[in-house]
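Participant: The structure is given below, and queries will be raised subsequently.
The values are calculated or read from the model by the stated rules, or taken from the named source; none is laboratory data. All of these numbers come straight from a predicted model, not from anything done at the bench. Cβ: placed from backbone, ideal geometry, glycine included. Neighbour counts: every protein chain shown.
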Ligand code: NI
């Protein structure tokens with residue numbers, strides 16, 4: 001946080017760029033970073049590349065936010081989100097670009113994602129609950145937005161230690 005690249009609206013990848021060697025290399029770099037730091041997703045601006053590309057990998061299983069469906073590592077090129085329905089819910093979010101902090105963010109809980117695969121094909125994915133929050137957080141990075149921008153009550157911004165101590169039980 002503080003690096004201007006995280007605040008830029010990233011540019012779309014062309015069809016030729018999507019399947020290029022440079023993009024393959026960028027994705028490999030992002031996968032390494034995600035696995036090194038741990039986490040569910042990473043967007044290209046977080047490794048200094050202002051392009052509309054993100055990766056998400058969900059281990060699945062029981063979490064404090066309920067049962068989470070596993071999703072193998074997937075690459076999303078030029079993703080777009082459409083909100084379906086009016087339900088929203090708040091989760092404590094963290095971010096590799098905002099280390100050491102957690103914040104409570106309310107987001108829509110039913111969304112449709114349209115994106116291009118690394119093979120260049122059009123695809124879509126419907127998501128509900130915590131998964132919907134995860135995708136919105138990642139794709140916000142492509143518009144220069146961080147989770148702190150989405151907070152409506154800054155008294156729910158917390159260091160990780162205080163989050164564990166004071167807020168975990170009240171999730
Ligand atoms: Ni993030």
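Participant: Which number in (1) free of Cβ contacts under 8 Å to residues at least 60 places away in the same chain; (2) in a helix (DSSP H, G or I); (3) under 15 Å from the mean Cα position of the chain (by Cα); (4) more than 21 Å from residue 9 (Cα to Cα) marks the one condition that residue 165 misses?
Facilitator: Here residue 165 meets the rest and fails (3).
Participant: Which numbered condition trips up residue 104, out of (1) within 20 Å of residue 43 (Cα to Cα); (2) in contact with a strand residue (DSSP E or B) (Cβ under 8 Å, 6 or more places away or on another chain); (3) within 16 Å of the ligand (Cβ to nearest atom)?
Facilitator: Exception for residue 104: condition (1).
Participant: Check residue 39 against each of (1) at pLDDT 95 or above; (2) within 15 Å of the ligand (Cβ to nearest atom); (3) under 14 Å from the mean Cα position of the chain (by Cα) and name the one condition it does not meet.
Facilitator: (1)
Participant: Could you list, in sequence order, the residues of region 12-32 that are in contact with a strand residue (DSSP E or B) (Cβ under 6 Å, 6 or more places away or on another chain) and surrounded by fewer than 16 Cβ atoms within 10 Å (Cβ to Cβ)?
Facilitator: Residue satisfying the conditions is 12 alone.
Participant: Then there's this: Considering only region 81-96, how many residues are surrounded by 14 or more Cβ atoms within 10 Å (Cβ to Cβ) and over 21 Å from residue 167 (Cβ atoms)?
Facilitator: Counting residues in region 81-96 that are surrounded by 14 or more Cβ atoms within 10 Å (Cβ to Cβ) and over 21 Å from residue 167 (Cβ atoms) gives 3.
Participant: Look at residue 65 and say whether it is more than 13 Å from the chain's Cα centre (by Cα), closer than 14 Å to residue 137 by Cβ, modelled with pLDDT under 95 and surrounded by fewer than 17 Cβ atoms within 10 Å (Cβ to Cβ).
Facilitator: The answer is yes for residue 65.
Table: residues versus (1) within 13 Å of the ligand (Cβ to nearest atom); (2) touching a strand residue (DSSP E or B) at 6+ places or on another chain (Cβ under 7 Å).
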position: 44; (1), (2): yes, yes
position: 64; (1), (2): no, no
position: 75; (1), (2): no, yes
position: 83; (1), (2): no, yes
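Participant: Is there a residue being farther than 21 Å from residue 113 by Cα, away from the ligand (no atom under 12 Å from the Cβ) and touching a strand residue (DSSP E or B) at 6+ places or on another chain (Cβ under 7 Å) anywhere in region 50-62?
Facilitator: yes
Participant: For the list (1) within 16 Å of the ligand (Cβ to nearest atom); (2) under 30 Å from residue 16 (Cα atoms); (3) touching a residue at least 24 places away in the same chain (Cβ under 8 Å); (4) crowded, with 16+ Cβ neighbours inside 10 Å, I need the number of the one condition that residue 143 fails.
Facilitator: (4)
Participant: Among (1) under 24 Å from residue 19 (Cα atoms); (2) more than 16 Å from the ligand (Cβ to nearest atom); (3) buried (at least 17 other Cβ atoms within 10 Å of the Cβ), there is one condition residue 123 misses while meeting the rest; what is its number?
Facilitator: Of everything listed in (1) under 24 Å from residue 19 (Cα atoms); (2) more than 16 Å from the ligand (Cβ to nearest atom); (3) buried (at least 17 other Cβ atoms within 10 Å of the Cβ), residue 123 misses just condition (3).
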